[in-house]
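Quick notes on the structure that follows.
The values are calculated or read from the model by the stated rules, or taken from the named source; none is laboratory data. Since the structure is predicted, the reported quantities are computational estimates derived from the model, not experimental observations. Don't worry about glycine lacking a Cβ; one is built from the backbone with ideal geometry, like all the others, and counts go over all protein chains shown.
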Amino acid sequence: MKEYNIEIVGACGAGKSTFTIRLVQGIFVKNYDPTRQDLYRRKIVEQVTDHSQIQYTVNLLDTVGVTDKDKESPDFQDTRYLFGQGFVVVYDIANEASFEEAKSIMKEIITVKKDKKTPIMLVGNKLDLDGDRQVLRTSAVEESDKYGNCQFMEISCKDNTNVMESVQSLVKVVDKRTSGVVPKDNDGSCVVS
């Protein structure tokens, strides 16, 4: 069975751990201790057609939010983003600062990986707070379009909207890059949901 290493990154409070827990355990956790850094595994069975499915395991690295002080550390750039074959970059649609941080993180990933086509899923979390939106969907689409393999989805960890779909879509791009084979249900087009 294939395995994929996915890093969950984003600003403090954007919903990285909530995303990871929703994906792995299927529950919504409103309050939790801030993450130090945790690694989770999840087997995913994805229905491709009525009669076929694909199975794979994702290793999810739920990372700690980064402060400006962390960025001043000399080995900050050298140690981050080494685990991931693909990245879920999470921001809060009701927090403009978290979107700005997500944009910065995507640039850092490309720099560290030295690959402009590193698979990235830009995720606008907290769709359930649409009435408090500070980040326009069009702004996120424009940002994701700047990168070769960056997809975009808005999700709600609370309502479980597009959480699994965002990882499945990212895995398809990672799989295409690592094996050169595109899964049958992927037409190679960019996904915006």
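Hey, can you tell me all the residues within segment 64-106 that are surrounded by fewer than 21 Cβ atoms within 10 Å (Cβ to Cβ), charged (D, E, K, R) and at pLDDT 95 or above?
GLU96, GLU100, LYS103
Exactly one condition in (1) more than 18 Å from PHE19 (Cβ to Cβ); (2) touching a helix residue (DSSP H, G or I) at 6+ places or on another chain (Cβ under 6 Å); (3) at pLDDT 95 or above; (4) not acidic (Asp, Glu) is not met by GLY131; state its number.
Here GLY131 clears every test but (2).
Counting just the residues of segment 107-152 that are of a type in the set (Val, Ile, Thr), part of a helix (DSSP H, G or I) and within 16 Å of the chain's Cα centre (by Cα), which one comes out surrounded by the most Cβ atoms within 10 Å (Cβ to Cβ)?
ILE109
Residues of segment 111-145 being out of contact with any Ser or Thr (no Cβ under 6 Å at 6 or more places or on another chain) and in contact (Cβ under 8 Å) with a residue 60 or more places away in the chain, which ones? Can you show your working first?
Just the residues of segment 111-145 that are out of contact with any Ser or Thr (no Cβ under 6 Å at 6 or more places or on another chain), to begin with: 111-120, 124-126, 129-145.
Residues satisfying the conditions are LYS117, ASN125, LYS126.
Any residue in segment 39-67 that's acidic (Asp, Glu): show its pairings with residues that are in a strand (DSSP E or B) at Cβ separation under 8 Å, as long as the two are six or more apart or on different chains.
GLU46/GLN53; GLU46/ILE54; GLU46/GLN55; GLU46/TYR56; ASP62/ILE8; ASP62/ASP38; ASP62/LEU39; ASP62/TYR40
When you scan segment 1-63 for strands (runs of 3 or more DSSP E) that lie fully inside it, which ones turn up with 1 or more residues that are within 21 Å of LYS103 (Cβ to Cβ) and within 15 Å of the chain's Cα centre (by Cα)? Walk me through it before giving the result.
Numbers: elements: 2-10, 38-47, 53-62.
By residue number, 2-10, 53-62.
Could you list, in sequence order, the residues of segment 168-180 that are buried (at least 23 other Cβ atoms within 10 Å of the Cβ) and within 21 Å of GLN25 (Cβ to Cβ)?
If the condition is that a residue be buried (at least 23 other Cβ atoms within 10 Å of the Cβ) and within 21 Å of GLN25 (Cβ to Cβ), then LEU170, VAL171 are the ones that fit.
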